[in-house]
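Down below is the structure, laid out as C-alpha cells.
The values are calculated or read from the model by the stated rules, or taken from the named source; none is laboratory data. From a predicted model like this one, the values you see are computed outputs, not experimental measurements. Backbone-built Cβ (ideal geometry, glycine too); neighbour counts: all protein chains shown. Please note that ligands, DNA and RNA were not included when accessible areas were found on the heavy atoms of the full protein model with its side chains. Shrake-Rupley method; radii C 1.70, N 1.55, O 1.52, S 1.80 Å.
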Amino acid sequence: MSESAATTANQLPEFVDLAFARRLEMAETILPECVEALCRFSPAQPIAHEQVAGGVAFYGGPSYPSNQMVGMGLYGEVTSEDMDRVETFFRSRGVSSTIVVSPLADMSLLRLLGQRGYGVAEFNSVLIRKIKAEEPFHPPAGIFIERVTPETVSPWMHAIAEGFAQNISVAEEVFGAFASLPGDLSFLARIEDMVVGGCGGRIIPEARIAALFGTATLPAFRNRGVQSALIERRLHEAVLAGCEYAVVSTQPASGSQRNMERRGFRLAYTKLVMRREWEEFAPRLDGGDSGH
C-alpha cells in the first residue's frame, strides 16, 4: 500500500485493518477468564482450550455447537507444527477440526488448510456498529427487559432454545453458560409476566467492544419489538462500559443480518468456517456389520 493510500485508510472512521480485526475476533474467542467461568458453570463437562498461533482452540463437550479455533493467523505465520497441535486437540476429543478464518489472516493458514483437505463449512458475516455517546433504551409498552439472575436462568435458556429451534437445535444448557461469562450481557424479555425471549453478549474491555449473540424470541411473540428492545438494552450497557464498537456475527443474507443492518450495523467482512472431518469418526454408510 502506498503512503498516501495508507494515510487515507487510517483516516477512515471504520476501516477494518489487521489491528481492528484482532479486536473484532475477540468477540468469538474463548479467553482464559471465560474458560474458568465455563468450568465453574459446567464442572462435569470436559472443557478444554489451547492457544496456538495467536488463536484459541476451544472444546466444550461432544455436543457443544462451537468447538472451534478462532483468531489463528492474525498474529503472523502459521506453521505445519501449529496445525498439528490444533488437529491433535480436536481429533483426540473425537470432533472435527474446525477453524474460523478471518480474511485478514496470514496466507500461510489458507495454504495449510488447502494442503490438509479442509472444506468450507459455512460463511459468517461480521457486522459492526459504532457506539454513540448516548444509546437510548425505550422498550415498547408491555415489554420488560431484565438482567438474567440465577432464579431466571432456566426460563431464559428455554426461551432462547425455543426461539432458535426452527433453524438449529441446541441444548438449553449451552445458553446457560453465556450468563456465567465475565462482563456478560444476558437479558430476558417479559410480556405479561412470561419470558418470551432472551439474548447473550459480553463486554470485552481490553478491546472496547461489546459482543452480541444468542438473541431469540418465541415465535408467538415476534414482530412486537422484543428483539429491538434486547439490542437497545445491550447497546445502552455498552455505553456505560466505555465500548467503542458493538459486533455481531450472522449467517450471510439472513434475517438476523437484515435486522442488525436496520439497526445501524454494517458489514465489516465475511469469514470462512473451514472443517476437516476424521475418517474414524465418520458414520458408516454401508450400515456396518449386518451379521449375515
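Residues considered: T217, T79, T29. Largest GNM mean-square fluctuation over the chain, using C-alpha springs under 10 Å, is found at T79. When Rg and Dmax are taken over the Cα atoms of the chain, they come to 20.2, 75 Å.
The mean sequence distance of close C-alpha pairs (under 8 Å, at least 6 residues apart), as a share of the length of the chain, puts its relative contact order at 22 percent. Annotation: peptides 251-258, 190-197, ranked by per-residue average of other Cβ atoms within 10 Å with the highest first, follow the order 190-197, 251-258. Round to a whole angstrom and tell me the spacing of the C-alpha centers of region 31-88 and region 199-267. Cα centroid of region 31-88 versus Cα centroid of region 199-267: 24 Å apart. Does anything in region 88-116 have its amide N under 17 Å from the 7 Å Cα→Cβ label point of S80, and if so which residues? Under 17 Å, as judged by backbone N against the label point of S80, lie 88, 108-116 of region 88-116.
Within the assembled protein chains, the solvent-accessible surface assigned to M26 is about 40 Å², based on a 1.4 Å probe. Ordering of 110-119, 67-76 by packing is 67-76, 110-119, highest average first (other Cβ atoms within 10 Å, averaged per residue).
Go ahead and set up a Gaussian network model of the chain, Cα springs under 10 Å, then flag whichever of E36, E279, E232 fluctuates most. Greatest mean-square fluctuation among the candidates belongs to E279. Remark: the R91-A141 segment gains 12.9 nm on full extension, using 0.36 nm per residue and subtracting the alpha carbon distance. At full extension, A253 and V273 could sit 5.6 nm farther apart than now, given 0.36 nm per residue minus the alpha carbon distance. Ligands, DNA and RNA aside, F281 has an accessible area near 100 Å² when probed at 1.4 Å.
Based on the Cβ-Cβ distance from R262 to Q166, what FRET efficiency comes out when R0 is 22 Å, to the nearest 0.05?
Values: r = 21 Å, r/R0 = 0.95.
Plugging the Cβ-Cβ distance into 1/(1 + (r/R0)^6) gives 0.55.
Extending 7 Å from Cα along the Cβ direction at T149 and again at M194 yields two label points whose distance is 2.3 nm.
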